[in-house]
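Chemist: First the structure, then my questions, so here it is.
Values in this text are rule-based calculations from the coordinates and carry no lab data. All of these numbers come straight from a predicted model, not from anything done at the bench. Glycine also receives a Cβ, built like all others from the backbone with ideal geometry; neighbour counts cover every protein chain displayed.
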Amino acid sequence: MEVFIAWLVDTIGRLGYPGIVFLMALESSFFPVPSELVIPPAGYLIFQGEMNTWLVLLAGTIGSLLGAVFNYALAYYLGRPLLMRYGRYFFLTHDKFFKVDKFFSSHGEISTFTGRFIPVVRHFISFPAGLARMNLARFCIYTSLGAGIWVATLAYIGYLVGNNMDLVKHYSRQVTVAVVFFLVIIIAFYIKQQRKA
């Protein structure tokens, strides 16, 4: 594991900011590249003085957005026509599509934002947004907000604990639990506001 982590830090150091963009684009799409393996080593390189904090955050956020837009476009241009035509064979009726459309027209922003913090969900939240044809500008804004906060959190963990992947995993789990708790509060507040409206 130590050899792998050393290789990862070295690779990110050599690839630089374009490497972060590329790897985070993969992470944000449906390719299995965990952000916990990309951003904390960059945070460690920030601590070492080899990378710039703001450029790491920018590269990570841009990469996340690119991957998310890729998934969104797949669902928008390919997924919807295919599922509308063949969805009934997979128990996806037209009524269910209308429900997805209605849900994302009302709650697309909060779903896109909060989805960026939840493991597994963040890889796939772009698909229902694309299927529902959520407004692209709003999709990009809320994806960038959520992704930016997540990237900053992981970079800070890497800055604090260095290249110790066991500690990175430990703190990432703790942060994930804290974030989920925070999201529950946000969603509860959001639902309360929606009921008032």
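Chemist: Report ³J(HN,Hα) in whole Hz for each residue of region 52-68, in order, from the Karplus equation J = 6.51 cos²θ - 1.76 cosθ + 1.60 where θ = phi - 60°; Gly and Pro get x.
Modeler: Karplus values, whole Hz, x for Gly and Pro: 9, 4, 5, 6, 5, 5, 5, 4, x, 5, 4, x, 4, 5, 4, x, 5.
Chemist: Ranked highest first by average number of other Cβ atoms within 10 Å, how do 40-48, 146-154, 13-21 line up?
Modeler: The packing order, highest mean first, is 40-48, 146-154, 13-21.
Chemist: Based only on other Cβ atoms within 10 Å, what is the fewest-to-most ordering of F139, F182?
Modeler: With the fewest neighbours first, F139, F182 line up as F182, F139.
Chemist: Under a point spin-label approximation (7 Å from Cα along Cα-to-Cβ), what is the S105-A178 distance to one decimal in nm?
Modeler: 4.0
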